[in-house]
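Taking it in order: structure first as structure tokens, then the write-up.
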Amino acid sequence: MTASYTPQPASHSPHSTHSTHSTPHRMDSSGGCPHAANATLLAKGAAAEVLLPGDVPAAAVLGHEALKEFIGHPDVAKNARHFTALREGRIPDGWPLRTFATVQGMVTSDGDDHRRLRSLVSKAFTARRVEALRPGIERLTDELLDGVEAAAAGADRDGAGSDGADGAVDGAVDLRALFALPLPMRVISELLGVDEEFRDRLHVLSNQVVATDIGPEEAVAANREMVAVLSAVAASRKARPGDDLTSALIATREEDGDRLGEAELIGTMIVMIIAGHETTLNLITNAVRALCAHRDQLELIRAGGADWTDAVEETLRWDSPVSFFPFRYPTRDLTVDGTLIPAGTPVLAGFSAAGRDPAAHGPDADRFDIGRRTRSTTRHLSLGHGAHYCLGAPLARMETTIALRRLFSRFPDLRVAVPEEELPRHRSFVGNSVRELPVVLR
């Protein structure tokens, strides 16, 4: 039986009919900017057949309304037991996206299991606990900006990058490495109780886990090492419990093993460490790029016509920190805007495409406009929707708002030091950002 649904009646569909017999779109494993390809796919329909690395057949839901409905559909699951090719042994261990399917935690569970695991973690992200983190995040932000300023002064003195021969700029520093990365990494590490000795390695491993162009041997090695490092973190917290989430999860496991197994403990830590810093890292980076490229929007905030939260929300919509998130699986055949998605197919949630869907956000959906939120009732989906809505969304929003306010207050003339097209992109169609952000502060 095939369930068919569209966001609007077919006669009013904003997307043209998409043939289920068209050639599947091959996802670009090397990453790159997703927006041009997204626009091409969206013009054909709200969903598309795609090929994942290794020529694994899949689908992507790209239209805003279609994605919102698909995410909440009763016949769509997150547990990989519904992934037909994986269940039948056709997905090798070294497949770059395998961890997204097989990690044991709330992002790969449904129903009672999902509610059980989410409830164990949600206590760390209540509004009261998140707000209590604000003073520490503000202090950390100022400390990191001191370091950025010192690094820029050192680069100026050393003449690092004369404007010309190598294309670099005097005084330029990598804002991503010095600021956008350490801010969320330190916050989530302290929440989880991750000692400083593990943090740099966990960031490198997180990058490898989300990469879609990684080789099989590298993928297996990265996943094994991630488990090993987080097992060492858990052992450290078991030996020296603290007021952190990992210690609380270990206590729960020891008191009631039925509530949290060992694999679920490590799986939860993997999800938290990756989602807890990679998403916010990309969000801060993308927001700085957007505001530097749209100085009129920056001036609007300074003039009081909008605020920093508007900039955060518009960045989430316009340049989502997660482009295509794996996976959901229809438990029976579904047809989305003319595209048949057979039961057991792995489906990507196309957040970057949905954010620029003209059917939802208007004909100027590809324009960065921080006043849009006050004029529209349509809200972006970049942090999810429904039962699997991102638990850390309030924390990510707070960190990014504080980061932008303090960064541009301290360095009002900050600019990106090289043209946008020269910034190296993530080697992944999952994460959406650049790997470096050289800036000049003054």
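What follows draws every value from the coordinates through simple rules; no lab data is involved. For clarity, every value in this text was computed on a predicted model and none was experimentally measured. Here Cβ is always computed from backbone atoms with ideal geometry, including for glycine, and neighbour counts include all displayed protein chains.
Measuring between their Cα centroids, segment 316-361 and segment 72-151 lie 18 Å from each other.
Membrane-span-like helices in the chain, defined purely by DSSP H runs whose alpha carbon atoms cover 20 Å or more axially and whose average Kyte-Doolittle hydropathy reaches 0.5, are 262-293. Of the listed values (i) 0.99; (ii) 1.12; (iii) 0.96, identify the label whose number matches Rg/Rh (Cα atoms, Kirkwood Rh) calculated from this model. Correct label is (iii).
Computed over Cα pairs, the Kirkwood radius of segment 70-222 leads via Stokes-Einstein (0.890 mPa s, 25 °C) to a diffusion coefficient of 126 µm² per second.
In units of the compact-protein estimate 2.2 N^0.38 Å, segment 341-442 shows a Cα radius of gyration of 1.33. Extension gain, residue 376 to residue 142: 0.36 nm times the residue separation minus the Cα-Cα distance gives 80.8 nm.
Working from label points 7 Å from Cα in the Cα-to-Cβ sense, the residue 204 to residue 119 distance is 4.1 nm. Note on segment 211-344: Cα convex hull, mean projected area over all directions, 13.8 nm². Placing dummy labels 7 Å off each Cα toward the beta-carbon, the span from residue 299 to residue 84 is 5.7 nm. Overall, the chain carries a charge dipole of about 1000 debye about its Cα centre when +1 sits on the Cβ of Lys and Arg and -1 on the Cβ of Asp and Glu, all other atoms neutral. In the chain, the DSSP beta bridges split such that about 70 percent are antiparallel, to the nearest 5. Name the lysines eligible as straight-distance cross-link partners of residue 123: C-alpha to C-alpha under 30 Å, and not fewer than 8 places from it in the same chain. In chain and number order, the partners are 68, 78, 238. Think of it as helices only: each DSSP H run of n ≥ 4 in the chain is worth -39500 (n - 2.57), and spread over all residues that comes to -15000 deg cm²/dmol at 222 nm. Please list, in order, the residues from segment 383-421 whose amide nitrogen is less than 20 Å from a point placed 7 Å along the Cα→Cβ vector of residue 259. Correct set: 391. Given 10 °C and 1.306 mPa s, how large is the Stokes-Einstein diffusion coefficient of segment 46-104 in µm²/s, with Rh as the Kirkwood radius over Cα pairs? Rounded, D is 124 µm²/s. So, in Å, what gap is there between the alpha-carbon centers of segment 203-231 and segment 418-440? The two parts, judged by their Cα centres, are 21 Å apart. Among the chymotrypsin sites (Phe, Trp or Tyr not before Pro) within segment 349-442, those in coil by DSSP and having at most 14 neighbouring Cβ atoms inside 10 Å are 389.
Distance between the modelled labels on residue 435 and residue 251, one decimal in nanometres: 4.2 nm (7 Å Cα→Cβ projection). Normalised radius of gyration (Cα atoms, divided by 2.2 N^0.38 Å) for segment 284-385: 1.27.
Considering only DSSP beta bridges whose two residues both sit in segment 18-155, what percent are antiparallel, to the nearest 5? Antiparallel bridges make up about 75 percent of those DSSP assigns within segment 18-155.
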